[in-house]
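One structure is given here, and the rest of the page talks about it.
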Amino acid sequence: MVRHVRRLILAAALAWSPRALADASETAAEATLPPPPPPAGHHFVFGQAVPILIRRLTVGYELMPGSHHSFGLTLHGQAPGTYVPTPVKGAVTGFGGELGYRFYGGKRGPTGPFVGVSFLSGGYASAPTFFAIRPKTTHYAQYGLALEIGWALHLDRNIVLATGIGVQRTWISVDRERLSELAQMVVGDGVRPRALIQVGRIF
């Protein structure tokens, strides 16, 4: 009987030793740790909402080789508008795009504050009116530089919303007097503000 009591006391002492307590604490800590964050996305595919207001369809792609650096390509198609008379006369169609770089403040994909710079270019056709059967059309190129700042956040694990504002300086290859009012406003030359609302998926 005494031998069994001694064995029980020895087992209890070993169980409550500092090493055993440390192992128990580590096990409890591991059990209460939050799950690891989702992996950082290196690819960001998105569409832009603001250009829809000027009848432009825009899609883009960003490659993130590192935690903060992004290299992107954006393409757009410009629709001429409607056949309803408006205060801004004329029509403009064409295609264009941007090559850009962004620095994101977040550490896991495109998140947090960002600053970006891009080179933009495109080819367009300007007509003075929608209503002529064979309107006199002016074909021209636009090119320029843009700077923007903004903020990107995760709506869920894979969906990202990026918003921002900026400024751009553009030039055109023809005399601006040859462009319609709509073409001068949408894809003309000079300094003008810009805004962006991008919604897309990272992977």
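Readers should treat all values here as calculations from the given coordinates under stated rules, not as data from a laboratory. A quick note: this is a predicted structure, and the numbers were derived from the prediction, not measured. For neighbour counting, all protein chains shown are included, and Cβ atoms are generated from backbone atoms with ideal geometry for every residue, glycine included.
Observations on the model:
- Derived scalar couplings ³J(HN,Hα) [segment 94-105; Karplus, 6.51 cos²θ - 1.76 cosθ + 1.60; whole Hz; x for Gly, Pro]: x, 9, x, x, 9, 10, x, 10, 10, 10, 9, x
- Each Lys or Arg adds one and each Asp or Glu takes one away; over the other residues whose Cβ falls under 10 Å from the Cβ of Val45, this sums to 0.
- Residue (of Trp151, Val167, Ser121) at the positive-pole extreme of segment 111-176, dipole from beta-carbon charges: Ser121
- Stokes-Einstein diffusion coefficient of segment 43-202, Kirkwood radius over Cα pairs, 20 °C, 1.002 mPa s, in µm²/s: 130 µm²/s
- Distance between the modelled labels on His68 and Thr163, one decimal in nanometres: 2.5 nm (7 Å Cα→Cβ projection).
- Difference of contour (0.36 nm per residue) and Cα-Cα distance, Tyr143 to Ile52: 30.7 nm
- Whole-number percent relative contact order across segment 43-202, with pairs defined as alpha carbons under 8 Å at least 6 apart: 22 percent
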